[in-house]
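See structure below.
The values are calculated or read from the model by the stated rules, or taken from the named source; none is laboratory data. From a predicted model like this one, the values you see are computed outputs, not experimental measurements. Note that we place each Cβ from the backbone using ideal geometry, even for glycine, and neighbour counts take in every protein chain shown. Just so you know, the surface numbers come from the protein's heavy atoms only, side chains and all, with ligands and any DNA or RNA stripped out. Shrake-Rupley method; radii C 1.70, N 1.55, O 1.52, S 1.80 Å.
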Amino acid sequence: MLSNADAKHLRSAFEVALRSREEGNLPFGCVIADGSGNAVIEQGNKALVPLRDPTAHAETVAAGLAARRYEPDELSGFTLYSSAEPCAMCAGAIYWSGIGRVVFGLSEGDLLAITGSHPDNPTMHLPCGEVLARGQRDVEVLGPELADEARRVFDGYFGCAAFGGTTVPALDASICACCTPARRLRPATFRNIFSLAFSASGLRPSSSKIRQ
């Protein structure tokens, strides 16, 4: 069951994903919280800028940082919150890092419906729970959670019909992120829309930032 603390950190992951998008990267982000519930790492996607490394997914990068900074007995009590379900690669990184719990927003299946065959994100339809279940230690998986909020992070980004993507009707479908140089909505426009979504739900997005 999603706790209030879980919801807070998951919404922070959505904010990290938004910042990643604004920086010219794919709209994915994650937050890692320690056993006391304190956010200790936040990480956005780095696959496009500056690395041009398709393996630089937010969760993989964050799991590596956590493994280098913390001891295995600490990591077993950590939770990784991801804006979307970790892919098979990221699930493997989470497993090998020693992190004990995963909470995600949008499911891999729903993400695939959004991305279609977009070349920047050839989504795998493989639930992270199936990957983690094959390991020799238990990793708790909770998700999808807050999926409607998670979906808004991707609105318009993979929307070009040429790639079989979709858009959410509530947003400006005339702005095709795939066909613009930055392949994303204007940051200020999108952030205003996202803030309105939070306001409508009576919630406030987190503005906290963790030093990398």
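Some notes on this structure:
- Nitroxide proxy distance, nm - points 7 Å out along Cα→Cβ at His125 and Arg137: 3.3 nm
- Calculated FRET value between Ser3 and Thr55, using beta carbons and R₀ = 41 Å, to 0.05: 0.85
- Ranking Arg151, Arg134 from most to least accessible surface, computed with a 1.4 Å probe over the protein chains only, gives Arg134, Arg151.
- Solvent-accessible surface ranking, highest first, for Arg11, Arg69, Arg152 at 1.4 angstrom: Arg69, Arg152, Arg11
- Largest-first ordering by accessible area, 1.4 Å probe, given options Arg21, Arg137: Arg137, Arg21
- Cut-off 12 Å (backbone N to label point 7 Å along Cα→Cβ of Ala147), residues of the range 77-92: 85
- Annotation: Phe104 carries an accessible surface of approximately 10 Å², with a 1.4 Å probe and no ligand, DNA or RNA atoms counted.
- The range 1-94 - accessible surface per residue (Å², probe 1.4 Å): 37 Å²
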